[in-house]
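Here the structure is laid out as structure tokens; the discussion comes afterwards.
The values are calculated or read from the model by the stated rules, or taken from the named source; none is laboratory data. What you are looking at is a predicted structure, and each value in this text was computed from that prediction instead of being measured. No Cβ is skipped: glycine too gets one built from the backbone with ideal geometry, and neighbour counts run over all protein chains shown.
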Amino acid sequence: MKKTKIGIIGLGGISQVIHLPILSKFKDIEIVSICDMDYSKAKTLAHKHGIKSYYKSPDDMLKNEEQIEAVLVATNTDAHKDIAIKSINAGKDVLVERPLARNYDEAKDVVNVAKKRKRKLMVGMNNRFRTDVIFARNFIREKELGDIYYIKAGWLKAKSSDKKWSTEKDKSGGGVMLDNGIAILDIGLWMLGFPEIKSVSAITYYHNTKSVEDTCIATIKFKNGSLLSMESSWSMLSNDFFYCDVYGTTGSTRINPLKIHKKMSGSLLDITPKNVKMPSNLFKSSYELELSSFISAVQGKSQLFSTGEDALKVMHVIESIYESAKSGKEIAFK
């Protein structure tokens, strides 16, 4: 069996807990090289996972390991654009952990280079791969809930990183909106099929932070009359509350846990599939499916499930969210 050659750049928590353990179990890929600014970390993890080469410099890895076919970028956000573009120009397909970049302009640069070089660019929106999210979206896309007019979604949890850079705007690009909010916004837009947006309004708070927001509440109005209301926060007192409630003219659905109701013969019935076994760990299984999907796309077996183009649309909305929060005004979407 021919194995797809993979390189990983950035060996922080997500790579150590998720990427390396999961990819090491895949039979049809080989992690041929890893890279991190902390050379001793790269060396230790390479030995642990039986990886032949390890580097401190992404440039050296891309230059010396020509057999690499795809690169996974999981560095600090301020390095995403540069490393993704270098990897694409080196002829590699790329998976970038969210967010794609610090802002819309940087994200656009990456997407344009991928198009020009005809390389596959995927962005790590693992929540799209949650079993409950997939089921909910299928019901929505099949019009089982009628016309969707309202989505209420949010993610309230503590910061996922204690690294200093994550609260420095010049390095992270933003606060909770680019950490957790972006995942909720992506799910909402994806479920609706990315309809045309009319306007965006938002408010941000800085209760426990200075240069980036720790709470963001936003409303997106669509030209078809539907509405997306979302909240994300590091500071609201909650134990990892992740939700997405969707309301249509004939039914509704929610996730975490999955519930689907539909109006039939004048009564509202629970039509949640009963024979669906949810993974015991939705978080881990979503990453397993995400990474498997990326490898399948690299191998030419399937289409990308979370494209750079989708990520660019999400970053465009986030740009308007920050503009609205700063100005205190509703922003007409352009």
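Quick look at the values:
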quantity	calculated
Answer residue from the range 165-199, given it is in a strand (DSSP E or B) and out of contact with any Asp or Glu (no Cβ under 7 Å at 6 or more places or on another chain) and is farthest from residue 99 (Cα to Cα) among those	198
Positions within the range 1-37 being in a loop (DSSP other than H, G, I, E, B) and either within 16 Å of residue 83 (Cα to Cα) or under 23 Å from the mean Cα position of the chain (by Cα) (or both), in sequence order	10, 11, 12, 24, 25, 26, 36, 37
Residue within the range 98-114 that is in contact with a Lys or Arg (Cβ under 6 Å, 6 or more places away or on another chain), assigned to a helix (DSSP H, G or I), not acidic (Asp, Glu) and not assigned by TED's automatic domain parsing to the domain that holds residue 317 present	yes
Selection within the range 142-164 - outside any strand (DSSP E or B) and either modelled with pLDDT of 95 or more or at positive phi (or both)	142, 143, 144, 145, 146, 147
Scan of the range 71-97 for residues that are over 26 Å from residue 163 (Cα atoms), out of contact with any Leu (no Cβ under 7 Å at 6 or more places or on another chain) and either assigned to a strand (DSSP E or B) or of a type in the set (Gly, Ala, Ser) (or both), ordered by number	91, 93
From the options 196, 168, 213, residue that is farther than 20 Å from residue 130 by Cβ, in contact (Cβ under 8 Å) with a residue 12 or more places away in the chain, out of contact with any Pro (no Cβ under 8 Å at 6 or more places or on another chain) and exposed (fewer than 15 other Cβ atoms within 10 Å of the Cβ)	196
Filter result for residue 59 (among the acidic types (Asp, Glu) and closer than 14 Å to residue 291 by Cβ)	no
Any chance residue 176 is among the β-branched types (Val, Ile, Thr), buried (at least 22 other Cβ atoms within 10 Å of the Cβ) and in contact with a Phe, Trp or Tyr (Cβ under 8 Å, 6 or more places away or on another chain)	yes
Number of the exception - residue 189 against (1) modelled with pLDDT of 95 or more; (2) surrounded by fewer than 15 Cβ atoms within 10 Å (Cβ to Cβ)	(2)
Condition met for residue 17 (within 19 Å of residue 286 (Cα to Cα), surrounded by fewer than 16 Cβ atoms within 10 Å (Cβ to Cβ) and modelled with pLDDT of 95 or more)	yes
Residue 61 within 22 Å of residue 120 (Cβ to Cβ) and at pLDDT below 95	no
Hits in the range 109-127 (condition: out of contact with any Leu (no Cβ under 9 Å at 6 or more places or on another chain) and surrounded by fewer than 22 Cβ atoms within 10 Å (Cβ to Cβ))	109, 112, 116, 117, 118, 119
Number of the exception - residue 138 against (1) part of a strand (DSSP E or B); (2) of a type outside the set (Asp, Glu); (3) surrounded by fewer than 16 Cβ atoms within 10 Å (Cβ to Cβ)	(1)
Where a residue in the range 313-330 is under 20 Å from residue 194 (Cβ atoms) and its partner, wherever it lies, is of a type in the set (S, T, N, Q) and surrounded by fewer than 22 Cβ atoms within 10 Å (Cβ to Cβ), with Cβ under 6 Å and at least six apart	324/201
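For (1) in contact with a strand residue (DSSP E or B) (Cβ under 7 Å, 6 or more places away or on another chain); (2) buried (at least 18 other Cβ atoms within 10 Å of the Cβ); (3) over 17 Å from residue 13 (Cα atoms); (4) among the small types (Gly, Ala, Ser), each residue gets a yes or a no:
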site	(1), (2), (3), (4)
42	yes, yes, no, yes
53	yes, no, yes, yes
63	no, no, yes, no
71	yes, yes, yes, no
77	no, yes, no, no
92	yes, yes, yes, no
97	yes, yes, no, no
